[in-house]
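Data first, discussion second: the structure below is written as structure tokens.
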2 protein chains.
Amino acid sequence: MSREAILHAGLLVPAGASGIYARSAGFEAVIDALTRLILEEAAGDGAERLRFPPVMSQAHLERNGYFSVFPHLAGCVHCFMGDEADHRRLVGKLVCEEDTASEFSPSGVALVPAACYPVYPAIAARGPLPETGLLIEVASYCFRHEPSDDLARQQTFRMQEFVRIGPAEAVAGFRRMWLDRAVSLCARLDLPARLEAANDPFFGSGGQHLAQQQRESAAKIELILAAGPDGEDRSCFSCNAHGEHFAAIWGLRLPGGRLAHTACIGFGLERFALALFTRHGTQHAAWPGAVREALGL
Amino acid sequence: MSREAILHAGLLVPAGASGIYARSAGFEAVIDALTRLILEEAAGDGAERLRFPPVMSQAHLERNGYFSVFPHLAGCVHCFMGDEADHRRLVGKLVCEEDTASEFSPSGVALVPAACYPVYPAIAARGPLPETGLLIEVASYCFRHEPSDDLARQQTFRMQEFVRIGPAEAVAGFRRMWLDRAVSLCARLDLPARLEAANDPFFGSGGQHLAQQQRESAAKIELILAAGPDGEDRSCFSCNAHGEHFAAIWGLRLPGGRLAHTACIGFGLERFALALFTRHGTQHAAWPGAVREALGL
């Protein structure tokens, strides 16, 4: 389905900045239905729900290593902290469309780039993990600075995630389980899907080495659907093994003192919805009965 | 209820920056229930749902007048747009905890400070209004730069709003209806409430005049509940008449060409939830039966 068809149907509406869109009631009904379906899959797992706002401590994001490997995607919240004279200068620059960067200062918070980043420090603050570890259910709006006209690459979008923190073998089992679930969920929604080893968009020339490592170790597996403009492939789900990476940063330790392993799985909700609209049409009332039934629509 | 009691119950969990908290499943259950209750009140009104992400066009926010009157509350998204040499300098500054302001540039997007700000340009882009105007239902995370330890003054919080755009008399009726509804909703939840004329926190000495004008014209009415630390008063709902202010900015015209009036009403969901916990205790399972029934909890 073309960008034009989605916009013409009013499912997404350009909102005055590249990669920022309003969502219609029809689009949101599909997002809500997808969320319900994903949570139903996990209903028996005993996950603990945690919710974080769309901004987080910039120091926490930095300690997670974000500014080392993804500086180009980060969004930092800068604020005006001046007096009335400073304000007159700011307003003058805004009116004259001059660069206002120096009128704003870092506030110490940054936009959340993936729903799981705030989880690791929050769990670390609780102290030692239980023996079998923890399973956290988390969702939020995420921001990545990649302005684009591609509806499947918005600057701000929602992610439904599960994060497993625990013994290595339990974490590996969690990943296998969700790869199976994601594939069977696509079958129920009549979405042709394939899994592939992938890499994150690491910054700079050093990033190429990290990307190759990640692919070779199959640390990141993505589920690919036709969700891009004119049906191009887009990753709509990813399954990520971190080994001891985040556990070492935050001191996430199992009883006895050894570091936990962590993994996260995440559904890109806007992309999944776009895959559904691309496959089945812009009016969800006209989708195949089995798909509507699976989604409760 | 004290800050300590809310934190001790784990309803909100400090997340590493002033005014930023994780929400527990129990807290979110109350937020979801409040949202359902508010939407039920409006079920017969025929509102159109629109959803916006938590960031919006900074140019739209500026055209809404935000940087003139609330510059101190705005959060602008600044991004790193440099090359590998710039990145090495950025990482060095982060490691040494030096000021990184100059390493980031304005991205053209800002955090949404109230759920209704993106609505006016989105509706204006549709062209002339229908004769009876429009009613929009909108909700989002909002950001205001006022770091604080007060759980009822978080930097980032959710607002459930309705926006009425139409003939003056219809817009006035919308305001009266929601003042009544908000009061009766508090009665159902056994929350002692009062209405009062209020003003926005306008910036600077010029702002004092605007505040006085706003109070004298009763353009802003707030509903006050015991939601602050140790039960202090906090505004948990507000009802705002804009006259032709936003209509003139965005060219929102009724058939025939005269400017529409606009008004918005907004529930501060975190504050409303805090009012409920303060009044009825930290465990919603132990709240009075009538309150749980009203909330479907």
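The values are calculated or read from the model by the stated rules, or taken from the named source; none is laboratory data. All values reported here derive from a predicted model rather than from experimental measurement. As a convention, Cβ positions derive from the backbone with ideal geometry for all residues, glycine included, and neighbour counts pool all protein chains shown. Protein only, heavy atoms only, side chains kept; ligands, DNA and RNA dropped before computing areas. Shrake-Rupley method; radii C 1.70, N 1.55, O 1.52, S 1.80 Å.
Count, please, the residues in segment B:127-181 that happen to be of a type in the set (A, V, I, L, M) and in contact with a His (Cβ under 9 Å, 6 or more places away or on another chain). Working first, answer last.
Kept after step one, since they are of a type in the set (A, V, I, L, M), are these residues of segment B:127-181: B:129, B:134-136, B:138-139, B:151-152, B:159, B:163, B:165, B:168, B:170-172, B:177, B:179.
With the extra rule that they be in contact with a His (Cβ under 9 Å, 6 or more places away or on another chain), the set shrinks to B:165, B:168, B:170-172.
Residues in segment B:127-181 being of a type in the set (A, V, I, L, M) and in contact with a His (Cβ under 9 Å, 6 or more places away or on another chain): 5 in total.
If you check A:ALA33 against the conditions, is it assigned by TED's automatic domain parsing to the domain that holds A:GLN283, in contact with a helix residue (DSSP H, G or I) (Cβ under 8 Å, 6 or more places away or on another chain), outside any helix (DSSP H, G or I) and not acidic (Asp, Glu)?
Numbers: assigned by TED's automatic domain parsing to the domain that holds A:GLN283: yes; in contact with a helix residue (DSSP H, G or I) (Cβ under 8 Å, 6 or more places away or on another chain): yes; outside any helix (DSSP H, G or I): no; not acidic (Asp, Glu): yes.
So A:ALA33 fails the test.
In the set (1) assigned to a strand (DSSP E or B); (2) in contact with a Ser or Thr (Cβ under 7 Å, 6 or more places away or on another chain), the condition left unmet by B:GLY16 is number (1). When A:ALA115, A:ALA122, A:ALA85, A:ALA74 are checked against the criterion of being free of Cβ contacts under 8 Å to residues at least 60 places away in the same chain and either more than 8 Å from chain B (Cβ to nearest Cβ) or more than 30 Å from B:GLY204 (Cβ to Cβ) (or both), A:ALA85 stands alone in meeting it. A:PHE202 meets the conditions (1) aromatic (Phe, Trp, Tyr); (2) surrounded by 21 or more Cβ atoms within 10 Å (Cβ to Cβ); (3) under 20 Å from the mean Cα position of the chain (by Cα) in every case but one. The failed one is (2).
Candidates A:HIS209, A:HIS280: the one that is assigned by TED's automatic domain parsing to the domain that holds A:PHE162 and either touching a Leu at 6+ places or on another chain (Cβ under 8 Å) or open to solvent by less than 60 Å² (accessible area, probe 1.4 Å) (or both) is A:HIS280. Among residues that are acidic (Asp, Glu), under 20 Å from A:PHE272 (Cβ atoms) and at pLDDT 95 or above, A:GLU41 is included. If you go through segment A:48-59 one residue at a time, do you hit one that is basic (Lys, Arg) and under 19 Å from B:ALA59 (Cβ atoms)? Within segment A:48-59 (the criterion being basic (Lys, Arg) and under 19 Å from B:ALA59 (Cβ atoms)), the answer is no, since none of the residues qualifies. The conditions of being touching a residue at least 40 places away in the same chain (Cβ under 8 Å) and surrounded by fewer than 16 Cβ atoms within 10 Å (Cβ to Cβ) are not met by B:GLY268. For segment A:171-189, the set of residues classified as crowded, with 16+ Cβ neighbours inside 10 Å and either assigned to a strand (DSSP E or B) or without any contact (Cβ under 8 Å) to a residue 40 or more places away in the chain (or both) consists of A:MET177, A:CYS186, listed by residue number. For segment A:49-65, residues that are within 7 Å of another protein chain (Cβ to nearest Cβ) and touching a residue at least 60 places away in the same chain (Cβ under 8 Å) total 9.
Does segment B:48-55 contain any residue that is in a helix (DSSP H, G or I) and either more than 21 Å from B:ARG144 (Cα to Cα) or open to solvent by less than 20 Å² (accessible area, probe 1.4 Å) (or both)? Within segment B:48-55, not a single residue is in a helix (DSSP H, G or I) and either more than 21 Å from B:ARG144 (Cα to Cα) or open to solvent by less than 20 Å² (accessible area, probe 1.4 Å) (or both). Looking across segment A:125-149, the residues that are within 11 Å of another protein chain (Cβ to nearest Cβ) and among the acidic types (Asp, Glu) come down to A:GLU137, A:GLU146.
When residues in segment A:253-263 are screened for being open to solvent by less than 30 Å² (accessible area, probe 1.4 Å) and in a strand (DSSP E or B), 2 of them pass. Please determine, by comparing only the residues of segment B:227-252 that are in a loop (DSSP other than H, G, I, E, B) and in contact with a Phe, Trp or Tyr (Cβ under 9 Å, 6 or more places away or on another chain), which one is surrounded by the fewest Cβ atoms within 10 Å (Cβ to Cβ). Checked segment B:227-252; the qualifying residue surrounded by the fewest Cβ atoms within 10 Å (Cβ to Cβ) is B:LEU252.
Just give me the residues in segment A:88-101 being among the hydrophobic types (A, V, I, L, M, F, W, C) and either within 7 Å of another protein chain (Cβ to nearest Cβ) or within 33 Å of the chain's Cα centre (by Cα) (or both), in sequence order. Explain how you work it out, then say what you get.
The first filter runs over segment A:88-101 and keeps only residues among the hydrophobic types (A, V, I, L, M, F, W, C), leaving A:90-91, A:94-96, A:101.
Within segment A:88-101, A:LEU90, A:VAL91, A:LEU94, A:ALA101 qualify.
Check segment A:3-12 and report whether any residue there is touching a helix residue (DSSP H, G or I) at 6+ places or on another chain (Cβ under 6 Å) and open to solvent by 50 Å² or more (accessible area, probe 1.4 Å). Scanning segment A:3-12 turns up at least one residue that is touching a helix residue (DSSP H, G or I) at 6+ places or on another chain (Cβ under 6 Å) and open to solvent by 50 Å² or more (accessible area, probe 1.4 Å). Checked against (1) in the same structural domain as A:GLY207 (by TED's automatic domain parsing); (2) open to solvent by less than 40 Å² (accessible area, probe 1.4 Å), A:ARG63 passes all but condition (2). Taking the criterion of being open to solvent by 40 Å² or more (accessible area, probe 1.4 Å) and within 7 Å of chain B (Cβ to nearest Cβ), would at least one residue in segment A:28-44 satisfy it? No; the residues of segment A:28-44 include none that is open to solvent by 40 Å² or more (accessible area, probe 1.4 Å) and within 7 Å of chain B (Cβ to nearest Cβ). With respect to the conditions (1) within 10 Å of chain A (Cβ to nearest Cβ); (2) out of contact with any Phe, Trp or Tyr (no Cβ under 6 Å at 6 or more places or on another chain), B:PHE104 lacks only one, and its number is (2).
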